[in-house]
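Since every read-out is calculated from the coordinates, none of them should be taken as a lab result. What you are looking at is a predicted structure, and each value in this text was computed from that prediction instead of being measured. Glycine gets a Cβ as well: all are built from the backbone with ideal geometry, and neighbour counts include every protein chain shown.
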Amino acid sequence: MLAIRAHYLDDGRRWQIYLFKPLATLLILALALSLPAARADYARLIAAGLLLSTAGDVFLMLPRDRFVAGLASFLVAHLCYVWAFSTDAPFGAAPLLWLPYFAAGGLVVALVWPGLKPALRAPVLVYVIVIAAMAGQATGRWQATGGGVALLAALGAGLFVVSDAVLAIDRFRWHFRAARAVTLATYWAAQLLIALSVGMSHPPGPLP
């Protein structure tokens, strides 16, 4: 909440962004590391994704434009999440559940495409494909394994798509004042849900 508030302060107090924004994601990482995990491989991959996300947070908040570096950090973070969500469910087990995310991604790309510099178009397109695959795999994993564990991760992945869609539309198509609040609120809710899934992760098999 403090990080979101800092984005709406006057220039003299906007230094708070540099403190609270990375701290918020690091605290979520600390939470994930503190939870007892039944699957060590899942926990390590989620922790790696959160650490890379923190790097992405830092790149995106710097005064100089580090958008591509931030995009790359989050792209690798999503690849870690895809890997995590494939530890106990086959990759692409429910391809039909991927379609809504790819449709949403395609719509966002169509909206922001005119505002993208040519050099950004390929990185943005690759990123959209990866985050859609991440959310699709999380949802497919929930269908395949059931239970609250996979549901938390699937909800978090879906919120991540919402967050990035709002960020892209605000940055490259229509700027609106509430965008930063919506983007960050859904982003940290997404990361929190994904982190919490570590503490309830379980080996493949019937739920107790």
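Build a GNM of the chain with springs between Cα atoms under 10 Å: which of I28, I169, I46 gets the top mean-square fluctuation?
Looking only at I28, I169, I46, the biggest GNM fluctuation is shown by I169.
For the range 171-178, take each phi angle, set θ = phi - 60°, evaluate the Karplus expression 6.51 cos²θ - 1.76 cosθ + 1.60, and give the result in whole Hz per residue in order, putting x for glycine and proline.
6, 10, 10, 10, 7, 9, 4, 7
Anyone know which of A168, A119, A150 comes out most mobile in the 10 Å Cα GNM of the chain?
A119
As I understand it, the dipole of the range 57-183 uses +1 on the Cβ of Lys and Arg and -1 on the Cβ of Asp and Glu, about the Cα centre. Which of L99, V82, V128 lies farthest toward its positive end?
V128
Would you work out if the range 1-108 is rounded, prolate or oblate? Take a ≥ b ≥ c from the square roots of the eigenvalues of the alpha-carbon gyration tensor; rounded if a/c is under 1.5, else prolate when a/b is larger than b/c, oblate otherwise. Let's see the in-between values first.
On the way: a/c = 2.49, a/b = 1.49, b/c = 1.67.
Taking the square roots of the gyration eigenvalues as a ≥ b ≥ c, the range 1-108 is oblate.
With r defined as the distance between the Cβ atoms of L23 and T87 and R0 fixed at 25 Å, what FRET efficiency is calculated, to the nearest 0.05? If you can, show how the numbers build up before the last one.
Working: r = 29 Å, r/R0 = 1.16.
The value I calculate is 0.30.
Could you give the distance between the Cα centres of the range 1-72 and the range 103-128, to the whole Å?
Distance between centres, Cα-based: 23 Å.
Between R13 and M1, what length comes free when the chain is fully extended (0.36 nm per residue of separation minus the Cα-Cα distance, one decimal in nm)? Before the final figure, lay out each step's value.
Values: separation 12, 0.36 × 12 = 4.32 nm, distance 1.51 nm.
Taking 0.36 nm per residue and subtracting the Cα distance, the gain is 2.8 nm.
Among L2, G56, F172, flag the residue with its Cα farthest along the positive direction of the charge dipole of the chain, charges on Cβ as +1 for Lys/Arg and -1 for Asp/Glu.
F172
Under a point-charge model restricted to the Cβ atoms of Lys and Arg (+1) and Asp and Glu (-1), what is the dipole moment magnitude of the range 2-199 relative to its Cα centre, in debye to the nearest 20? Walk me through the numbers before you get to the answer.
Values: 15 positive and 8 negative charges, 82 e Å.
Its charge dipole is roughly 400 debye.
Looking only at R39, R180, R64, which one moves most when the chain is put into a Gaussian network model with springs between Cα atoms under 10 Å?
Judging by the Gaussian network model, the answer is R64.
Calculate for the chain the 222 nm mean residue ellipticity that helices alone would give, adding -39,500 (n - 2.57) per DSSP H run of length 4 or more and normalising by residue count, nearest 500 deg cm²/dmol. Intermediate results must be reported in sequence, preceding the final value.
On the way: 8 runs with 154 residues, N = 208.
Theoretical 222 nm ellipticity from helices: -25500 deg cm²/dmol.
Convert each backbone phi in the range 15-22 into a coupling constant with the Karplus relation 6.51 cos²θ - 1.76 cosθ + 1.60 (shift: θ = phi - 60°), then list the ³J(HN,Hα) values in order as whole Hz, x for Gly and Pro.
Running phi through 6.51 cos²θ - 1.76 cosθ + 1.60 with θ = phi - 60° gives 4, 4, 4, 5, 8, 7, 5, x Hz.
Chymotrypsin sites (Phe, Trp or Tyr not before Pro), restricted to the range 7-40: which are DSSP loop and have at most 12 other Cβ atoms within 10 Å? Display every interim value, and only then the final one.
Details: sites: Y8, W15, Y18, F20; in loops: Y8, W15.
Listed in order of number, the matching sites are Y8, W15.
Based on alpha-carbon atoms only, what is the radius of gyration of the range 2-199 relative to the globular estimate 2.2 N^0.38 Å? Could you put the intermediate results ahead of the total?
Details: Rg = 16.4 Å, N = 198, 2.2 N^0.38 = 16.4 Å.
That works out to 1.00 for the range 2-199.
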